[in-house]
Amino acid sequence: MSFIHSIKFRFTIWYLIVLAILLGTLSAGVYFYLSRSLYRSLDNSLELRSNQICSVPPLLESIWSGEFQEKLGEVVMLYFYTGSQLVEVSPPSVNASLSHQFIYQAINGRSSFATVEDTEGQQLRLLAVPIHLGIPGMPLSTQPGALIVGRSTRQIDQALHGLVRTLVIAVPLALAVAAGGGIFLARRALKPVDKIAQTAQEIEENDLSQRINVNTRDELGRLAATLNAMIGRLERAFRRQKQFTSDASHELRAPLAVIEAESSLALQKERPPGDYRQSLETISQESKRMSSLIEQMLTLARADAGKEQWNLTEVNLGRLITALSADVEVLCHEKGITCQLGQTQDLVIKGDEARLRELFMNLLDNAIRYTPTAGTVSISLHREAQMAVVAITDTGVGIPAEEIPFIFERFYRADKSRSRAEGGTGLGLAICRYIAEAHGGKIEVESQVGVGSTFSVWLPLLSL
Ligand code: ADP
C-alpha cells in the first residue's frame, strides 16, 4: 500500500490543514492587533502633543515666528482662515498635499486624523485640531485656525514588516515540524494495525489457532481482542463442523455396510424365500435408521442456518402430554415397562406443536430405550413461576455424572455400543435442546446410574 493511500498520510494532511488554518488565523490576529495598538498609541501621542502645543502660548508663538524646534520625524503646521483664503503661517514642514477639507474641518471646530504620503513616499499620520490664538498685534491670530501635528509611521511600518517576516518563516517551519511529528505519531499509533493485518493474512482456514498479539488498552487493543474472540468462535465452529462431518459419515457408514453385506450375501446364491425376507427386513430397518439420521441432520443444519420455519400457535401442554402418554403406552407395553401419567394441568404456551411433540417424543423414546423391562417411565407437568415444566422420569440405567455435560452435544453417546444397538443416532438430545431454546426455554437433566433419569423441559407460559 502506498503512503499516499494510507491513513497515516490522511491523518497528517488533515492535521496540517487544521494547524495551518489555526496558525494563519492566529498570525493575522496578532498582525491586526499589533498594528491597531501601534496606530492607536501614535494617535494618542499626537493628541498629547497637540494639547501640549495649544496650552503653551510661547510654543505657538515660536511656530508663528518660525523658531519652533520640531522633534525628529515630527510635523507641526499652523493655518488660519482670513474669511476668503487659507494662510499657512508656519514654514511648510512637509512635502505632501493636504486636503483642504481636512484643514477646514479643524478650522470649523472638528478635530480629525488623516494618513498622507509625502513626496518621498513616506507615510505620515496627521492630526488637525482647531485653535484660537487671539494674540494682540497679530491680526491673523484673531481668526479661526487649525494646528496640524504629525509623525512619520516608519517605525510602526518597520515593526509590522518585521513581524510579517518572522511569521512567514516561523509558520511554514512550525508546519514542517508538525508534519514530521504527525507522521511519526500516526505511524506509532497505527503500528498495531499492520500487526493485525499481518496476522489476519497468516491465518488460514485450516489453522485458526493463531491470535493477534496486540495487548494495549486502547481502541486498537480492544479491536484486537474482539478479532481474537471472533477467530476463537470461528475456530470452535470449524472444529464442530469438522467433527460433525466426520461423525455423520461414520454414522452413515454403519447402516450402509450392513445393507451392502446383507444384499451381497442374499445375491451370492439361490436361497429359500424366508432368507430373502429376513435380508429385506434387515435392509429396510437400516434404511429407516439412515433416513431418520438424515432427517435429524437436516433439522440441525436448518437450525444452524437459522432457516427453521416455526408454526406458532397456542399450545395446551396438559392436553399434549396426555395425548403423548397414550401414544407411548403401546411402546412401553411391548417392552414390559409401566407408563405413568403423573400430575398435569392446563398450561398454555406459545409454540410449534409439531416440534414440541418431537421434543417430548425424543425424550420418551430415550426413557423407554434406556429403561429395562419392568421399569417405569412417567411424564408430568407443573408450573414454576412463569414457566411450565414437563418432567420425563425413568427408572432406567441412568447417566454417569461425568457424561452429563456432554449428552446434549451432537453425536455424543454415553454408552456408544448400547445406544447404536438400541437404534439411537446420538442427535436426539441436541435437537431437543435446540427446540426448547428456540421456544425461549431450557432443558435440564438429573440422573443417577442404576436408579434412573429425569429430563425437565422449561417453557415460558403465555402471558395474557
Ligand atoms: P441417542 O440417539 O444415542 O439416544 P441422544 O442424543 O438422544 O442420542 O442421547 C445421547 C446419549 O444420552 C445417549 O447415547 C445415552 O447414552 C444418553 N441418554 C439419553 N437419554 C437417556 C436416558 N433416559 N437414560 C439414560 N441415558 C440416556
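FYI, it's all coordinate maths here, none of it is from the lab. Keep in mind that this is a model prediction, so the values were computed, not measured. Cβ sites come from the backbone with ideal geometry, for glycine too, and all protein chains shown count toward neighbours.
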Dimensionless Rg over Rh [the range 1-123; C-alpha; Kirkwood]: 1.33
Helix 7-55 vs. the chain, principal-axis angle (Cα, 0 to 90°, nearest 10): 20 degrees
For the chain, with +1 on Lys and Arg beta carbons and -1 on Asp and Glu, the positive-most of 343, 16, 79 along the dipole: 79
For the chain: relative contact order, % (alpha-carbon pairs under 8 angstrom, 6 or more apart): 9 percent
Largest-first principal axis extents, alpha carbons of the range 326-464, Å: 47, 30, 25
Over 27 Å (Cα to Cα) - which of 242/307; 269/335; 307/350 fall in this group: 269/335
The range 235-281: radius of gyration and largest Cα-Cα distance (Dmax), Å: 17.3, 55
Value of Rg to Rh for the chain (Rh from inverse mean 1/r over Cα pairs, i.e. Kirkwood): 1.57
